[in-house]
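Reading through the structure tokens given below for one structure.
What follows draws every value from the coordinates through simple rules; no lab data is involved. Note that the structure is predicted; figures quoted are calculated from it, not measured. Every residue, glycine among them, receives a Cβ derived from its backbone with ideal geometry; neighbour counts consider all protein chains shown.
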Amino acid sequence: MRFIPEENITALLLRLSENATVWAPQVVRDTVNTVLFAPWREGAEIETGLYSALPVKGLVLPATERLFSFRYHRAGEREKIEIEVDELRERAAVFAARACDAKALVTLDALFLDGSGRSYNDQHYRARRGALTVITLACTSCDSACFCSSFEDGAAATAGSDLIFYPVSGGFLAEAVSATGRELAALDLFQESNLEKPPLAETAKVELARLGQRLLDKFDDIDFWRRTAEGCLSCGYCSYACPACHCFNIFDEMESDRAGGRYRCWDACMFYAYTLESSGHNPRPEAAHRYRNRLAHKFSYFPLNRGEFLCTGCGRCIRGCPAGRDVRDVIKALGAG
Ligand code: SF4
Ligand code: SF4
């Protein structure tokens, strides 16, 4: 196992900065404790004690991204349109991602990279993902919202990471997961170590066995869903904050009367307009219908279709819900029912 002393971390980030934008969790200016992954500059304080409000998925699937620009022009009698696809030219490295976020990248990879017909081969996602290095900080503690131990590997998940740092006295043990991680761990900033990995966080657990079927059995009990979604504001934070949620919308924005861009933006099934049809009919008119869909997608439809949960137990949707909704309460209620 390799070891990096704490005092070498800045040097590591500076090395990474030579050919990539380094993203690290930082308290957002003018807030008390809102942490977001933001570009790191030498001297910036990295905050690893608090949970980031948003996951690292924005580095591969940005909240808003221009896919291409277009311009109309006249060629003789004919109107033509020129299209220029936006290409990513910059590498990125994320420092102190969490295992639950890194693991969710692998779920997104299967949806956006596979190209088999069951998923996209998305050139924008592919470019961003290929240009991203993920350095994960393993969790040795957790808060009451975390429930990653309910899932395979829990806090010990290595999927999606290139290099994993384990906090130990005086620095971090470093475990390389990918070739990129091995290259980094071979840098002269690291040294060999016989230290043992620290014990990792053990979170509270929920029972997920047979949950998919239990959700289907409860589908028509709308009173149950009204009770579980009570107070939901349909704000969509739970979807935006989720490392595994990946819904998006696409629309054109004109920049002049002859030119504009096509953009992809995050969307959320918790929004009323998400399923609103042009006739005015909405098959999910109440927050209860939308909350039911969100949970059933994550814990029933997605596992049935793809063999994995669309949740890593990061706890963000619990920590940040303004209405105090907690997916674990629903899971427990279904288990008891
Ligand atoms: S469950 Fe909470 S976070 Fe999600 S849309 Fe409703 S109020 Fe917002
Ligand atoms: S559903 Fe909630 S706990 Fe699960 S990964 Fe998404 S935000 Fe995290």
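The table that follows gives values for the structure above.
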read-out	value
Kirkwood-Stokes translational diffusion coefficient of the chain, alpha-carbon pairs, 20 °C, 1.002 mPa s, µm²/s	98 µm²/s
The chain - mean residue ellipticity at 222 nm from DSSP helices (-39,500 (n - 2.57) per run, n ≥ 4, rounded to 500)	-6500 deg cm²/dmol
HN-Hα J in Hz across the stretch 200-211 - Karplus 6.51, -1.76, 1.60, θ = phi - 60°, x for Gly and Pro	8, 4, 10, 8, 4, 10, 10, 8, 9, 4, 6, 4
The stretch 166-234 shape via C-alpha gyration tensor axes, a/c threshold 1.5	prolate
Aspartates and glutamates with Cα under 15 Å of Lys205, excluding same-chain neighbours fewer than 8 positions away	Asp143, Glu152, Asp153, Asp326, Asp329
Whole-angstrom gap from the stretch 259-286 to the stretch 298-337, using each part's C-alpha centre	23 Å
For the stretch 226-234, 3J(HN,Hα) per residue [Karplus equation, 6.51 cos²θ - 1.76 cosθ + 1.60, θ = phi - 60°, Hz, x = Gly/Pro]	5, 5, 6, 9, 3, x, 4, 8, 6
Cβ-based net charge around Phe70, under 11 Å, with every Lys or Arg adding one and every Asp or Glu removing one	0
Under the span-like rule (Cα at least 15 Å along the axis, Kyte-Doolittle mean at least -0.5), DSSP H helices of the chain	99-112
For the stretch 118-171, projected area of the alpha-carbon convex hull averaged over all directions, nm²	5.9 nm²
At q = 0.11, 0.21 Å⁻¹, base-10 log of I(q)/I(0) for the stretch 20-156 (Debye sum, equal scatterers on each alpha carbon)	-0.53, -1.32
Among 76-87, 35-46, the order from most to least packed when residues are scored by Cβ within 10 Å on average	35-46, 76-87
Value of Rg to Rh for the stretch 6-100 (Rh from inverse mean 1/r over Cα pairs, i.e. Kirkwood)	1.19
Estimated vicinal HN-Hα couplings, Hz - the stretch 172-189 in sequence order (Karplus 6.51, -1.76, 1.60; Gly, Pro = x)	9, 6, 10, 10, 7, 10, 10, 4, 4, x, 5, 4, 5, 5, 7, 4, 5, 7
Over the chain, relative contact order from alpha-carbon pairs under 8 Å, at least 6 apart, %	20 percent
Farthest toward positive dipole pole in the stretch 2-336 [+1 Lys/Arg, -1 Asp/Glu at C-beta], among Ala127, Gly307, His73	Gly307
Ordering of 276-289, 49-62 by burial proxy (mean other Cβ atoms within 10 Å per residue, highest first)	49-62, 276-289
Nearest-0.05 FRET efficiency for Leu195 and Arg118, computed from C-beta distance (R0 41 Å)	0.45
The chain - share of DSSP beta bridges that are antiparallel (%, nearest 5)	75 percent
Spatially proximal lysines relative to Lys57 (Cα-Cα < 18 Å; intrachain offsets below 8 disregarded)	Lys103, Lys298
The stretch 73-149: C-alpha pair distances exceeding 22 Å, %	49 percent
Shape of the stretch 170-295, Cα gyration tensor, a/c cut at 1.5	oblate
